[in-house]
Amino acid sequence: MKMLILVLSIVVLAIVNLMVGSVPIPLGEVAGILFGQGSDNEVFTNIVLNTRLPQALTAIACGAGLSVAGLEMQTVFQNPLAGPSVLGVSSAASLGVAFVVLMSGAFGGHVLSRFGVVGNTALTVAAIAGALLAMMLMVWLSRKVEGRATLLIVGVLIGYIASAIVGVLKYFSNEEDIRAYVIWGLGSFARVTGGQVRVFVSLMALLCPLSMLLAKPLNTLLLGERYAANLGLNIRRARMLIISSAGILTAITTAYCGPIMFLGLAVPHISRGLFATADHRTLLPATLFAGAALALVCNLIARLPGMAGALPVNSVTALIGAPVALTILLRRK
């Protein structure tokens, strides 16, 4: 019943996202546009199909992917405060983008700033390259390092190194390109437009269901690594698969939407509270649906009616995720 409510909430929130904004659009107009009947108001059609629908689909895909990745990280590291950014993947994606910013400034003046579509594509490719490089490094290290706590610390250190290099690159970049990089770093569901939406949503629609296949090893790891090994689970192989899954999900969402914070940290705990279970056969789909719903809420808040622009998504997600993290710390003392 609760799972059905989550699914219905996604549908309702998606419709509200299409209706509400600086230009209110009636439900009847939205329904007509979505079902191909069109609208007498071309402005409404343009807003729904070219702006709000891509944002809603991007929010659903991003929220689902990051939330599933966060649940996998918290289980494999046995740490309630672990999240998608814990492996340095988000920082490495930022590093890839920073390299593109510096190269464009060094060889072409303000090339990245002026080439709209090409610039966005370059940012996306660079973010994916940097994030996947960090993920491959973590997968390799997972074969060398026994303890999960040590691997967690290594991931944090990789993130610090990447952030330090980003700081150096920003120092030598052009002012306009630094501005483009900072805007990307704020996180946004509006960056993904046109054909990119289809690619991003298709990737998430493929990868998130595949993550459900990891429910059994995730449940076994909850018993402790020694007990899981006695049950016949290959700890290193399971850890590598889970880290790879979380890393790929984080890499792709970061590349397309920027480094979206706190969703991967907060949503798994919200799901555990709603369903009162540690069984990943229930938690994985619940976290996926809850993440999609919460991302739609954040997208709605970010562009409240009457606002000319939109708030950075990270500002909204932090307002939700930070209290959850604080509550966890206080409960665990």
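Where in region 1-88 are there helices (runs of 4 or more DSSP H), lying wholly inside it, with at least 3 residues that are aliphatic (A, V, I, L, M) and at pLDDT 90 or above?
Here the list reads 2-19, 53-76.
Quick check on my filter: what residues within region 256-270 are among the β-branched types (Val, Ile, Thr), over 21 Å from Ala127 (Cα atoms) and modelled with pLDDT under 90?
Once the filter is applied, which keeps residues that are among the β-branched types (Val, Ile, Thr), over 21 Å from Ala127 (Cα atoms) and modelled with pLDDT under 90, region 256-270 yields only Ile270.
Residue by residue through region 160-172, note down the ones that are over 23 Å from the mean Cα position of the chain (by Cα) and either within 10 Å of Leu95 (Cβ to Cβ) or buried (at least 21 other Cβ atoms within 10 Å of the Cβ) (or both).
Listed by number, the list holds a single entry, Leu169.
Would you call Gly96 in the same structural domain as Leu132 (by TED's automatic domain parsing) and either without any contact (Cβ under 8 Å) to a residue 60 or more places away in the chain or outside any helix (DSSP H, G or I) (or both)? Lay out the reasoning, then the answer.
Numbers: in the same structural domain as Leu132 (by TED's automatic domain parsing): yes; either without any contact (Cβ under 8 Å) to a residue 60 or more places away in the chain or outside any helix (DSSP H, G or I) (or both): yes.
Yes.
Within region 286-315, take every residue that is touching a helix residue (DSSP H, G or I) at 6+ places or on another chain (Cβ under 7 Å) and surrounded by fewer than 22 Cβ atoms within 10 Å (Cβ to Cβ) and give me the one that is farthest from Pro217 (Cα to Cα).
Start the filter on region 286-315 by keeping residues that are touching a helix residue (DSSP H, G or I) at 6+ places or on another chain (Cβ under 7 Å), which leaves 286-302, 310-311, 313.
Adding the requirement that they be surrounded by fewer than 22 Cβ atoms within 10 Å (Cβ to Cβ) leaves 297, 300-301, 310-311.
Numbers: Val297: 32, Leu300: 36, Ile301: 37, Ala310: 41, Leu311: 39 Å.
It comes out as Ala310.
Pairs under 7 Å by beta carbon, first residue touching a residue at least 60 places away in the same chain (Cβ under 8 Å) in region 221-241, partner surrounded by fewer than 17 Cβ atoms within 10 Å (Cβ to Cβ), six or more apart or different chains?
Cβ pairs passing all conditions: Leu222/Ala278; Arg236/Arg143; Met240/Val139; Met240/Arg143.
Here's the yes/no breakdown for (1) at pLDDT 85 or above; (2) not assigned by TED's automatic domain parsing to the domain that holds Ala64; (3) not in a helix (DSSP H, G or I):
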| residue | (1), (2), (3) |
| --- | --- |
| Gly247 | no, yes, no |
| Ile252 | yes, yes, no |
| Arg272 | yes, no, no |
| Thr277 | yes, no, yes |
| Leu283 | yes, no, no |
| Ala286 | yes, no, no |
| Ala295 | yes, no, no |
| Ile301 | yes, no, no |
| Leu304 | no, no, yes |
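Can you tell me which condition Thr150 does not meet? The list is (1) within 12 Å of Leu87 (Cα to Cα); (2) at pLDDT 80 or above, and all the others hold.
(2)
Would you say Ala205 is surrounded by fewer than 19 Cβ atoms within 10 Å (Cβ to Cβ), modelled with pLDDT of 80 or more and not in a helix (DSSP H, G or I)?
no
For region 171-202, give me the residue count where each residue is within 16 Å of Ala127 (Cβ to Cβ), in contact (Cβ under 8 Å) with a residue 12 or more places away in the chain, part of a helix (DSSP H, G or I) and of a type in the set (A, V, I, L, M, F, W, C).
So the count comes out to 3.
Collect the residues in region 260-279 that are surrounded by fewer than 24 Cβ atoms within 10 Å (Cβ to Cβ) and touching a helix residue (DSSP H, G or I) at 6+ places or on another chain (Cβ under 9 Å), keeping them in residue-number order.
Within region 260-279, Met261, His269, Ile270, Arg272, Leu274, Phe275, Thr277, Ala278, Asp279 meet the criteria.
Check region 309-322 and report whether any residue there is β-branched (Val, Ile, Thr), touching a residue at least 24 places away in the same chain (Cβ under 8 Å) and either under 25 Å from Val23 (Cβ atoms) or in a loop (DSSP other than H, G, I, E, B) (or both). Write out each step before concluding.
Of region 309-322, the ones β-branched (Val, Ile, Thr) are 313, 316-317, 320.
Checking which are touching a residue at least 24 places away in the same chain (Cβ under 8 Å) leaves us with 313, 317, 320.
Add one more test, that the residue is either under 25 Å from Val23 (Cβ atoms) or in a loop (DSSP other than H, G, I, E, B) (or both), and what stays is 313, 317.
Yes, that holds for at least one residue.
The values are calculated or read from the model by the stated rules, or taken from the named source; none is laboratory data. Values in this document were obtained by computation on a predicted structure and should not be read as measured data. A quick note on method: Cβ atoms are made from the backbone with ideal geometry, for glycine too, and the neighbour counts reach across all protein chains shown.
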